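This report refers to the structure that appears directly beneath it.
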Amino acid sequence: MSERNVYDVLLERGYIEQLTHEEEVRDYLSKKGATFYVGFDPTADSLHIGHFIQLMVMTHLQRAGLRPIALMGGGTGHIGDPTGRTDMRSLMSKETIDHNVDCFVKQMSRLIDFSDDKAIIDNNADWLLKLNYIDFLREIGIHFSVNRMLTLDSYKNRLEVGLSFFEFNYILLQAYDFLHLYRKYDCRLQLGGSDQWSNIIAGADLIRKVEHADAYGMTFSLLTNSAGEKMGKTAKGAVWLDENKFSVYDFYQYMRNVDDADVIKFMKLLTFMPMEEIEEYAELTGSALNKAKEKLAFEVTSLVHGKEKAEGAEAAAKALFSGQGDLADSPALVLNLSDMDKSLIEILSDNKILASRSEGRRLVQQGGLYLNDNSVTDLGKMLTAADLDEDQSCIIRLGKKRYYILRFEN
C-alpha cells in the first residue's frame, strides 16, 4: 500500500482553502526534504490563536518529511501588511521587532523541530534592509502592474480612507521574499492564511517571470466559528499563546467554551487526534458534547502550554464547575484587604476582569454577575467577611462560563 500524501491529510482535516496548482502541489508535498515557507510579521510580542492554524499545518508537513521555513518579517515589519486594515499600522522600532521575533521563535519551538536543519528560521530583515531602491525597482518593480494592484482587495478597500505609498510597496516586498527563498533554499511553495492569497500569487508569478521556474501557493482557512466570525477575541482581548498575556486557564476555558457546532471542526484543525477518534466524538449530542469540549480544550492547551499546565487548567475547571479538583490551580487574583473598601464592580473593573464599571453595572442589571454562585443584584455590593471562606477567598462568575477567584491578604 502506497504511503498517504500529506495533501490528503490537510484536505481531510479541512485546512485547505485555495491553491494555485492542485496536482503540482500534491506532487511537491510528496517529495521528502522539499521546502516551503510561511511568513510571520512580528507586530506583537506573542503569536495568537489565529497563528496556531499555520503552526499546525507546518507541523503536519514537517512530520511528512518536508522542511518548513518560518520567515520572520523583521524587514516587512517595518512597514506592515495593509491586508485587512482600515488604517496604517503603528511603526515599530528595530529593537521591538527583534524582541517580537525572539518571542515567536520560542513559541513555535513547542510544535516545530528546528534541530539539525529540520526546519529553518530566517528573517527578511537580512535582505530587505540592505536593498538598493533603484536596483530593486529595476529588477522587481518592472514586473508589477499598478492597474492590477489597485484591483486587489487589500488595496482597493483602503483607497477611500487613504493608502500610503509606504504600504503600497508591501506586496512587492513579500513577493521578493518568495523569490529570495527560492534562490537560497529552492523553496517553491508558500503557505498562508486565506487573506494572503494575493500576496502569495504575486510571489509565485514573480519567480516564474524572473527565474522561469515553477512556484506554487496554498492558503488555509482562517479560524472562524460556525457563524463565519473570526475567532480569537474575548472580553479580555486577543487569545495570545503567551501565558503572561492570556493565562493558561483562560486559554483552556476559551477552547472549552466553543460552540457545539465548532467542536469537531476545531478537533480536526487544532489537534493531532486521529480522525477515527474525532469521528467517535462527532457522534455525541446534547450534554454529552461536553466530553468532546473537554477533550478539545485539553489537547489544544497541551500543544500550546505543555501537558502539565493543561492538567492544571483542567483541574481548575473541575474545581470551579463541579467542586472537584484543587482550587489552588484556579485563576486567582490576590488583593489587599483594603480593596474591600471598594464595591465589587470597582474591584473587578480596576483589576481588568471587567472592561469598565459601566460594563459591570450592565452585567448586574442583566443578572450576569455571581458571587459564590449567588446572583448579585445590588450595583453597590460591597464584599464582607461573610462572603469570604477560611482562606479569605470568594468565587466570582461572569455570565455562564467565566470564573475567577478573589483572594484577600493583609
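General remarks:
- Of all residues in the range 366-383, those satisfying the criterion of being of a type outside the set (Gly, Ala, Ser) and touching a residue at least 12 places away in the same chain (Cβ under 8 Å) are Leu369, Tyr370, Leu371, Asn372, Asp373, Val376, Thr377, Asp378, Leu379, Lys381, Met382, Leu383.
- Those helices (runs of 4 or more DSSP H) of the range 43-129 in which 1 or more residues are at pLDDT 90 or above and polar (S, T, N, Q) occupy 49-63, 94-108.
- Contact map, the range 16-33: residues that are within 20 Å of Gly192 (Cβ to Cβ) paired with residues that are at pLDDT below 95 and small (Gly, Ala, Ser), Cβ distance under 6 Å, separation 6+ or inter-chain. Pairs shown: Glu17/Ser194; Glu17/Ser221.
- Residues that are surrounded by 15 or more Cβ atoms within 10 Å (Cβ to Cβ) and either aromatic (Phe, Trp, Tyr) or outside any helix (DSSP H, G or I) (or both), drawn from the range 352-378: Ile353, Leu354, Gly368, Leu369, Tyr370, Leu371, Val376
- Candidates are the residues of the range 197-206 that are buried (at least 23 other Cβ atoms within 10 Å of the Cβ) and under 23 Å from the mean Cα position of the chain (by Cα); the one that is nearest to Phe178 (Cα to Cα) is Ile200.
- Filter pass, Glu12 being loosely packed, with under 15 Cβ neighbours inside 10 Å and charged (D, E, K, R): yes
- Some residue of the range 239-257 being more than 14 Å from the chain's Cα centre (by Cα) and on the phi > 0 side of the Ramachandran plot: no
- Single residue of the range 209-251 satisfying the filter (touching a Ser or Thr at 6+ places or on another chain (Cβ under 9 Å), over 21 Å from Trp197 (Cα atoms) and not charged (D, E, K, R)) that is surrounded by the fewest Cβ atoms within 10 Å (Cβ to Cβ): Asn244
- Check on Ala297, surrounded by 14 or more Cβ atoms within 10 Å (Cβ to Cβ) and either among the polar types (S, T, N, Q) or modelled with pLDDT of 90 or more (or both): yes
- Hey, Arg13 under 21 Å from Trp197 (Cβ atoms), modelled with pLDDT of 95 or more and out of contact with any Ser or Thr (no Cβ under 9 Å at 6 or more places or on another chain) or not: yes
- Within the range 176-190, being closer than 12 Å to Val25 by Cα and buried (at least 24 other Cβ atoms within 10 Å of the Cβ) holds for Leu189, Gln190.
- Summed over the range 379-410, the residues that are in a strand (DSSP E or B), more than 22 Å from Val258 (Cα to Cα) and hydroxyl-bearing (Ser, Thr, Tyr) give a count of 1.
- A single entry from Lys318, Lys307, Lys268 fulfils the requirement of being modelled with pLDDT of 95 or more and basic (Lys, Arg): Lys268.
- Among the candidates Phe136, Phe104, Phe144, Phe114, residue that is aromatic (Phe, Trp, Tyr) and either in contact with a Phe, Trp or Tyr (Cβ under 7 Å, 6 or more places away or on another chain) or under 11 Å from Met72 (Cα atoms) (or both): Phe104
- From the options Ala215, Ala227, residue that is without any contact (Cβ under 8 Å) to a residue 60 or more places away in the chain, assigned by TED's automatic domain parsing to the domain that holds Gln174 and over 21 Å from Ser349 (Cβ atoms): Ala215
The values are calculated or read from the model by the stated rules, or taken from the named source; none is laboratory data. Only a predicted model underlies this, so the values are computations on that prediction, with no experimental measurement involved. Please note: Cβ atoms are built from the backbone with ideal geometry, for glycine as well, and neighbour counts cover all protein chains shown.
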